[in-house]
Amino acid sequence: MLYILVFLAGLFSGFINVIAGGGSLITLPVLNLLGLPIDVANGTNRIGIIFQNITATTKFRKNDVLDLKRAIFLAIPATFGALVGANIVVNIDKALLKSIVGFILIVMSIFLVKKPDIWTKERKIKKNNILSFIVFF
């Protein structure tokens, strides 16, 4: 039964991540409930997200809905931000990390319930490369 729960949580969160993001609201608590410490659960969760992103990016590119030049531009600060964030998480107190992750999950849950269209609503946004670079970092 446990394996079925993990499989369904992974499947459902993968779908949610590709459509709108926020699948970690499902996988992080499930991995933590299975006994993984929050830092290990978070790292394990990232592995799934990498493969989800590779799959989604491939499909979006194939269906011609990806601006590859812009995506590569935004991947640069995102990569550096991921490296900085990973170093912070590895060195932070585990109890503090658990509190931070819990807080973020609660805030994300509130947004998903109160304003679900915030994640999927299409917006016309003026491209500001400096602001985009900062945000994606």
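Descriptive notes on the structure:
- Matching residues in the stretch 96-113 - criterion: being more than 17 Å from ARG46 (Cβ to Cβ) and either basic (Lys, Arg) or at pLDDT below 90 (or both): GLY102, ILE106, VAL107, SER109, ILE110, PHE111, LEU112, VAL113
Rundown of residues vs (1) over 15 Å from LYS98 (Cα atoms); (2) surrounded by fewer than 19 Cβ atoms within 10 Å (Cβ to Cβ), yes/no style:
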residue: LEU5; (1), (2): yes, yes
residue: SER13; (1), (2): yes, no
residue: VAL18; (1), (2): yes, yes
residue: ILE26; (1), (2): yes, no
residue: LEU33; (1), (2): no, yes
residue: ASN45; (1), (2): no, no
residue: GLY48; (1), (2): yes, yes
residue: ASN53; (1), (2): yes, yes
residue: ALA56; (1), (2): yes, yes
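- All positions within the stretch 4-22 that are within 18 Å of GLY43 (Cα to Cα) and either outside any helix (DSSP H, G or I) or at pLDDT below 80 (or both): GLY14, ASN17, GLY21, GLY22
- Scope the stretch 58-74; condition at pLDDT 90 or above and surrounded by 13 or more Cβ atoms within 10 Å (Cβ to Cβ); matching residues: PHE73, LEU74
- Taking helices (runs of 4 or more DSSP H) as the structural unit, no element lying wholly within the stretch 27-125 holds at least 3 residues that are among the acidic types (Asp, Glu), within 20 Å of PHE7 (Cβ to Cβ) and in contact with a helix residue (DSSP H, G or I) (Cβ under 6 Å, 6 or more places away or on another chain).
- Test: residue in the stretch 75-92 that is touching a Ser or Thr at 6+ places or on another chain (Cβ under 9 Å), under 16 Å from VAL18 (Cβ atoms) and surrounded by 11 or more Cβ atoms within 10 Å (Cβ to Cβ): no
- Selection status of LEU25, at pLDDT 85 or above and of a type outside the set (Ser, Thr, Tyr): no
The values are calculated or read from the model by the stated rules, or taken from the named source; none is laboratory data. Source: prediction; values computed, not measured. When we count neighbours, we look across all protein chains shown, and the Cβ atoms used for this are built from the backbone with ideal geometry, even at glycine.
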